[in-house]
Amino acid sequence: MDAAMAELPGPFLCGALLGFLCLSGLAVEVKVPTEPLSTPLGKTAELTCTYSTSVGDSFALEWSFVQPGKPISESHPILYFTNDQLYPTGSKSKRVSLLQNPPTAGVATLKLTDVHPSDTGTYLCQVNNPPDFYTNGLGLINLTVLVPPSNPLCSQSGRTSVGGSTALRCSSSEGAPKPVYNWVRLGSFPTPSPGSMVQDEVSGQLILTNLSLTSSGTYRCVATNQMGSASCELTLSVTEPSQGRVAGALIGVLLVMLLLSVAAFCLIRFHKERGKKPKETYGGSDLR
């Protein structure tokens, strides 16, 4: 048989050897869910990881974590199991454990308690069991911690006189998944016509154009995701353009009156200073 295998081509020989090892149960195979995992803030997340291998003295399990947007190469360990001992490590050490300890029966599921927003990211379940070779010794699980929207901040910019345009903005600093925003007008006043308002549910911006006096009122922004909602309010006051002109004219008149008063004060003081000028004296000998 050895002589026959020696005559086989290299690729065929490797394939035959791989198949033989698989049949012998000497392969490490890690399985994790294909769908991302979501867990509400403060709850416990179970990251399911199972494996198949012939567990021996060299068996080792490692769980590691990498933040969203970073490469897998920048992951850092959060839990080890080796030499029949469990070693939680890092900032999550007090909140991580294994569903089954020791994890030598094919279950390497990780439990993470009291999840925080910073726990959102990718978790790596890796099994090492030399001399078993690896067909798939690594599994990746994406976890999202669900957070309700924080109280949004409402703001306004633009010209709020009749015929002008203004933008109302709304934004929550926290929320996962990212909140959507909806502006509503409070009270029994008529809602602005669709042609005069444009709302962006993603950015939280409401643009009002061709303002009229009836556009005045209180507007509420509601930020919503699957965990809840939060809101803020803003009062919009639309003014007549003539009011601005009257105010400007009044300010102008006041400035002119102020200047005239200053000029009159200076003139009066000038005349008083002249009245205090000392008179000329003449010597007595000259008069004689």
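Among the residues of the stretch 89-126, the ones that are assigned to a loop (DSSP other than H, G, I, E, B), small (Gly, Ala, Ser) and either within 22 Å of Gly175 (Cβ to Cβ) or in contact with a helix residue (DSSP H, G or I) (Cβ under 6 Å, 6 or more places away or on another chain) (or both) come to 0 in all. Note on the stretch 96-123: residues that are more than 21 Å from Gly137 (Cβ to Cβ) and either open to solvent by less than 20 Å² (accessible area, probe 1.4 Å) or out of contact with any strand residue (DSSP E or B) (no Cβ under 6 Å at 6 or more places or on another chain) (or both) total 7. Just so you know, in the stretch 91-103 the residues that are touching a residue at least 24 places away in the same chain (Cβ under 8 Å) and over 22 Å from Gly56 (Cα atoms) include one that is nearest to the chain's Cα centre (by Cα), and it is Lys92.
Filtering Thr109, Thr144, Thr122 for residues that are within 18 Å of the chain's Cα centre (by Cα), within 15 Å of Glu62 (Cα to Cα), modelled with pLDDT of 95 or more and β-branched (Val, Ile, Thr) leaves a single hit, Thr122.
Each residue in the stretch 37-67 was checked for being part of a loop (DSSP other than H, G, I, E, B), modelled with pLDDT under 95 and not charged (D, E, K, R), and 6 of them qualify.
Residues are listed down the side, and each one gets a yes or a no for (1) open to solvent by less than 60 Å² (accessible area, probe 1.4 Å); (2) in a helix (DSSP H, G or I); (3) at positive phi:
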residue: Leu140; (1), (2), (3): no, no, no
residue: Thr144; (1), (2), (3): yes, no, no
residue: Asn151; (1), (2), (3): no, no, no
residue: Ser155; (1), (2), (3): yes, no, no
residue: Gly163; (1), (2), (3): yes, no, yes
residue: Ala167; (1), (2), (3): yes, no, no
residue: Trp183; (1), (2), (3): yes, no, no
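Residues in the stretch 41-88 that are within 20 Å of Ser118 (Cβ to Cβ) and surrounded by 15 or more Cβ atoms within 10 Å (Cβ to Cβ): Leu41, Ala45, Leu47, Trp63, Ser64, Phe65, Val66, Ser75, Pro77, Ile78, Leu79, Pro88.
The values are calculated or read from the model by the stated rules, or taken from the named source; none is laboratory data. Everything numeric here is computed off the predicted structure, so don't read it as measured data. Note that each Cβ is placed from the backbone with ideal geometry, even for glycine, and that neighbours are counted across all protein chains shown. Side chains included, ligands, DNA and RNA excluded: accessible areas come from the protein's heavy atoms. Shrake-Rupley method; radii C 1.70, N 1.55, O 1.52, S 1.80 Å.
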